[in-house]
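All remarks here apply to the structure that follows.
The values are calculated or read from the model by the stated rules, or taken from the named source; none is laboratory data. None of the values given here were measured: they were computed from a predicted structure. All Cβ positions, glycine included, derive from the backbone under ideal geometry; neighbour counts span all protein chains shown. These area figures cover heavy atoms from the full protein model, side chains too; ligands, DNA and RNA do not enter into them. Shrake-Rupley method; radii C 1.70, N 1.55, O 1.52, S 1.80 Å.
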Amino acid sequence: MTVATPAGSAPAGPESGPRPDLDALLTELADGERRWAATSLAERIALLGRVHAAVAAEAEDWVRTASRIKLLPEGSPLTGEEWMSGPYALLTSLDALARSLRAVAAGRSPLDGARFGRAPGGRVTVPVLPLSAHDRLLLNGFTAEVWMPPGADEETVRRQAGLGALRPERTTGVGLVLGAGNITSIAPLDVLYELIAHNRVVVLKLNPVLGDLEPVYRRALAPLVEYGVLRIVSGGGDVGGYLAHHPGVAHVHITGSLATHDLVAFGPGEEGRARKAAGTPLLAKPMTSELGGVSPVIVVPGEWSEADLTYQAEHIVTQRLHNSGHNCIASQLVLVSADWPQREAFLGLLRTALRRLPARPAWYPGSDERLAAAAAHPGAQWQGAEGTRLLLDLGDGRGDGIGDGIGDGIGDGGGDASPATTEYFAPVLGVLTLPGTGADFLDRAVETANRDLAGTLGANVLVDPATLRRLGPAFDRALAALRYGTIAVNAWTALGFLTATAPWGAFPGHTVDDAQSGIGVVHNALLIDGPERTVVRGPFRPFPRSVAGGEWALFPKPPWFVTARSAALTGRRLTRFAAEPSWARLPGVFAAAYRA
């Protein structure tokens, strides 16, 4: 997810000198592994409960510290991002994992009672949102389902759900988690998945960018540290490298850039590149990863009202500018139809949305350099205050491949920096025009995304209800052909990230020497074995226009929109609800959300 590696944070190779402090820490975790193997599911559930209480107690300080790191002014609506993608995400995951462990402890599957469905290609689907009455109210109109690979059957999927919880005594050593530097819940969520899904005790190496959060993490995760199954370390690349190559570490998980992944797996410089080309990693142990990519938004042409055009322009801008664009799942390339009569009106509103939003700092290290590089593209246009956000007009993709609109830009000559193959991790949004309408356009856009864009983490599709009805079964067939780990229809794939029960990761099949958006999944609180993808669906319009247009969805403008005026209050109240779920707290959440 972290596209650039700040100076001093890239893991070094195995040549690092002795570190008795880290050796001692790993010895403690070896003892912790034995304790974890002897820990019953009931005891694990109780431990998750103690972590839940500790996270709730730290939520205010967590958000305050994260907002300071990200240069957000006190009282800004944008601090809502830190509530929802920080303590809220961790609290909901802890609760969902505990429910799954209770099911397994009672001799049931976490998927007992699930109403399995079907998707194209003979796929079995598993509903993961909504799963409760609270879900149905809080996210009214949104759904998520997991598509299993072709050939998987309901009985096997249900029986195998539970992963490491099915045999908790079978631990798998010490896992190293190399934490992300952008979204504050990622590192703790990765720790939980290692412990519960893989039965691995964990050493968490924090990213220096979030170093100020270390005291918060230590307090929030103190029950795991005190129990002996987690150790938290900070420091530069020498610490990460020493731990990654230490014989006491059995597995490495990284959230970061493909370049950092390759540095860990193959080593630096020409020797590292040669090892990668030869398929001979320097790291002699299993490795999983989440590495981001270039995420598309496919805009299926239809007949939209002025309000629809404005709302979906804000939707796309949110997908790019949330967290100042420093997201692995930030949408980077908008695919629109050359034959859509409303194309120019929509792009005009997209520019307006980019210009009108108040400036916010691109706080992640290296952002200024990446913005400057993107500005060299011939189709680059500054939006708003110069130096804060860019729109790239990539031209017409009518030819083979993605067309001259991308190839003639910053990717030529001085290394590969094409908007199709470079995750900018900054406020840069590209627009590519493709021919066609209806199913012809959709199929062409899917083919372009699969063939030309780097990574397979997430893709977004916007389609109005009338057009969706006309497409019929062809629409889901197009989704089946879209090779991404999470697909969002009239929603942002970040909702898949925030859904604790949904698996999160790249489309399966990548390898260490061709990792693309990563290997394996995280989150996945239902502990589903071998998922292929998550498909999230939402209403095309917010309430009340949703109901007027025939969509029975009562959800207002989402609080994660960067234009949501009440995002901070909504995020705070959602987090309080996640800390202590109560019907009495729901009216306050709704009151805040409807002020967006």
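Annotation: amide H of Gly458 within the under-5 Å range of Gly485, Thr486, sequence separation 5 or more or interchain, hydrogens built in the peptide plane. Among the GluC sites (Glu not before Pro) found in segment 230-317, those both in a DSSP coil and sparsely packed, with 16 or fewer other Cβ atoms within 10 Å of their Cβ, are Glu303.
Given the choices (i) 44, 25, 24; (ii) 35, 28, 24; (iii) 39, 27, 26, semi-axes √(5λ) of the Cα gyration tensor in Å derived from the coordinates of this structure is entry (ii). Cα centroid separation, segment 93-136 to segment 464-500: 20 Å. 3J(HN,Hα) along segment 292-302: x, x, 9, 8, x, 10, 8, 9, 6, x, x Hz, from the Karplus curve 6.51 cos²θ - 1.76 cosθ + 1.60 with θ = phi - 60°, whole Hz, x for Gly and Pro.
Rounded to a whole number, what % of the accessible area of segment 63-157 do carbon and sulfur atoms account for, probe 1.4 Å? After summing per-atom areas, the C and S share lands at 51 percent. Counted by Cβ distance under 12 Å from Ala449, the other residues give a net charge of 0, where Lys and Arg count +1 and Asp and Glu count -1. In the distance distribution for segment 195-313, Cα-Cα pairs more than 25 Å apart total 43 percent. Full extension of the chain between Asp393 and Arg64 gives 114.7 nm of extra length, using 0.36 nm per residue less the Cα-Cα distance. Over the chain, accessible surface divided per residue gives 35 Å², non-protein components excluded, 1.4 Å probe.
With only the Cα atoms considered, segment 194-237 has a convex hull volume of 81 Å³ per residue. Dividing the convex hull volume of the alpha carbon atoms of segment 310-362 by its residue count gives 75 Å³ per residue. Over all other residues within a Cβ to Cβ distance under 9 Å of Leu429, the charged ones net out to +2, with Lys and Arg as +1 and Asp and Glu as -1. Cα centroids of segment 285-362 and segment 509-558: 16 Å apart. So what are the ³J(HN,Hα) numbers for segment 344-360, from phi and the Karplus equation (6.51, -1.76, 1.60; θ = phi - 60°), rounded to whole Hz, Gly and Pro as x? Those phi angles translate into 5, 5, 5, 5, x, 6, 5, 5, 4, 4, 5, 6, 7, 5, x, 5, 9 Hz.
Computed from backbone phi, the HN-Hα couplings of segment 193-201 come to 5, 4, 5, 8, 6, 10, 6, 10, 6 Hz, rounded to whole numbers (Karplus: 6.51 cos²θ - 1.76 cosθ + 1.60, θ = phi - 60°; Gly and Pro given as x). Counting only the Cα atoms, segment 498-558 fills a convex hull of 113 Å³ per residue.
May I ask which of Lys70/Lys276; Lys205/Lys557; Lys70/Lys205 have a Cα-Cα span longer than 30 Å here? In this structure, Lys70/Lys276; Lys205/Lys557 lie more than 30 Å apart at Cα. Close amide H pairs (under 5 Å, H built 1.01 Å from N) link Val202 with Gly175, Leu230, Arg231, residues at least 5 positions away or on another chain. Seen from all directions on average, segment 462-512 presents a Cα convex hull projection of 4.4 nm².
The Cα-based radius of gyration of segment 89-226, divided by its Kirkwood radius, gives an Rg/Rh of 1.01. Between segment 48-91 and segment 187-228, the C-alpha centres lie 16 angstrom from each other.
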